[in-house]
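Remarks on the structure that follows.
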Amino acid sequence: MTIQCCMCHKIEVAGEWTQSATTPNGLVSHTYCPVCYSRAQVAIRTEQARARARHELNLVGA
Ligand SMILES: [Zn+2]
């Protein structure tokens, strides 16, 4: 089974994430590579902070 990053489409080969020149054959499991995983975490935290700020504004307005 091939492990492929769902964001940058790199594939994991023996613990290394490399840009694949070809489409993987057979079963492909999608996940985040370490770089895209940390990017996704930052995006989630940003969105959480934005949602919290919106919530606090709503409380002030009520
Ligand atoms: Zn990636």
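The values are calculated or read from the model by the stated rules, or taken from the named source; none is laboratory data. Here the structure is a predicted model, which is why all the values come from computation and not from measurement. Because the Cβ atoms are built from the backbone with ideal geometry, glycine has one as well, and the counts that use them run over all protein chains shown.
Restricting the first member to segment 1-13 and to residues that are more than 8 Å from the ligand (Cβ to nearest atom), and the second to residues that are part of a strand (DSSP E or B) and basic (Lys, Arg), the beta-carbon pairs closer than 9 Å and six or more apart or on different chains are GLN4/LYS10. Considering segment 13-30, the residues that are in contact with a Ser or Thr (Cβ under 8 Å, 6 or more places away or on another chain) and not in a loop (DSSP other than H, G, I, E, B) include one that is nearest to ALA43 (Cα to Cα), namely SER29.
Pairs meeting the criteria (first residue in segment 17-46 and free of Cβ contacts under 8 Å to residues at least 60 places away in the same chain, second residue of a type outside the set (Ser, Thr, Tyr) and in a loop (DSSP other than H, G, I, E, B), beta carbons under 6 Å, at least 6 apart or on different chains) are TRP17/CYS33; LEU27/MET1; SER29/MET1; HIS30/CYS6; CYS36/MET7; CYS36/CYS8. Somewhere in segment 43-60, is a residue within 15 Å of the ligand (Cβ to nearest atom) and modelled with pLDDT of 95 or more? Yes: segment 43-60 contains one or more residues that are within 15 Å of the ligand (Cβ to nearest atom) and modelled with pLDDT of 95 or more. Just the residues that are among the aromatic types (Phe, Trp, Tyr) and either assigned to a helix (DSSP H, G or I) or in contact with an Asp or Glu (Cβ under 8 Å, 6 or more places away or on another chain) (or both), please, taken from segment 31-62. Within segment 31-62, TYR37 is the sole residue that qualifies.
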